[in-house]
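The values are calculated or read from the model by the stated rules, or taken from the named source; none is laboratory data. Computed from a predicted structure; not experimentally measured. Using ideal geometry, Cβ is built from the backbone for each residue, glycine included, and neighbour counts are taken over all protein chains shown. Remember, those area values only see protein heavy atoms, side chains included, never the ligands or the DNA or RNA. Shrake-Rupley method; radii C 1.70, N 1.55, O 1.52, S 1.80 Å.
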Amino acid sequence: MHLLKSKGFDFVTHCKKRVGDGHCTRFWYDNWLSDQPFRVTFPRLFALEKDKDSTVASKLGSPSLEVSFRRLIRDGVERQQLLDLNSLIGSLTISSSKDRWICDLNGDGEFRVKDVRIKLDDVLLPFDSNATRWVKYIPIKINVFAWRARLDRLATKTRLSQDLSLVGSGLARLIFLFRLVCLVFCYTLDI
């Protein structure tokens, strides 16, 4: 996730909770009704809250939102934030279904693996302004080899030794060795 964020794609911002019964959604911390968690949108009310980990079900099941505050609301910013929060929650109804996470990458409310794949490809794959020409008369592994050579992505002895020196932990080394075996196997396999 940090790699994606460092390359300009924050996947978590596209995920939010869809509230069903409200028992698994945290009222202040989860991104469930607006684009931000309520602790960010209503910081003064969050500071007054005694039970910061309360769920949506417990908060909406109480007689008022102010019941769990450590003191009464004062006029000014606190009163305005409470009015804004009440207007947001006023039309909300709780259902009997379970809470669930949704991920909306294209804005239509639906999750598709295709959308995630397109985003990941845009972020992670190298971009070249020239289109790759695949020659259908040449075996695919030769086409792939030429494509990787053009992008300077061949697994040469120097490149592999550099990758191995960058790998620190045992698990990362195991993953690297698995990639290496797969790479060697793909180049030696006759299709």
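With θ taken as phi - 60° and the Karplus curve 6.51 cos²θ - 1.76 cosθ + 1.60 applied, the whole-hertz 3J(HN,Hα) list for the range 26-42 is 7, 4, 8, 9, 7, 8, 10, 10, 10, 6, 10, x, 5, 5, 8, 6, 10 Hz, x standing for glycine and proline. Would you mind checking K5/K114; K5/K50; K5/K52 for any pair whose Cα atoms are more than 23 angstrom apart? Pairs exceeding the cut-off: K5/K50; K5/K52. Within a straight-line Cα-Cα reach of under 16 Å, K16 can be paired with the following lysines, leaving aside sequence neighbours fewer than 8 residues apart in one chain: K98. Candidates P43, S68, V56 compared by Cα position along the dipole of the range 37-77: farthest toward the positive end lies P43, with charges placed on Cβ. Highest mean packing comes first when the peptides 54-62, 147-155 are listed by Cβ atoms within 10 Å, giving 54-62, 147-155. Expressed as a whole percent, the accessible area of the range 1-136 that falls on carbon and sulfur atoms is 53 (1.4 Å probe). A DSSP coil position with no more than 13 other Cβ atoms inside 10 Å describes the following GluC sites (Glu not before Pro) in the range 65-127: E110.
Computed from the Cβ-Cβ distance with R0 of 22 Å, the FRET efficiency linking L120 to R18 stands at 0.40. Residue by residue, the range 84-95 carries 3J(HN,Hα) couplings of 5, 5, 5, 5, 5, 8, x, 9, 7, 10, 8, 10 Hz when phi is fed to the Karplus relation 6.51 cos²θ - 1.76 cosθ + 1.60 (θ = phi - 60°); x denotes Gly or Pro.
For the range 99-106, 3J(HN,Hα) computed residue by residue from phi via the Karplus equation (6.51, -1.76, 1.60; θ = phi - 60°) reads 5, 8, 7, 10, 10, 10, 8, 10 Hz, glycine and proline entered as x.
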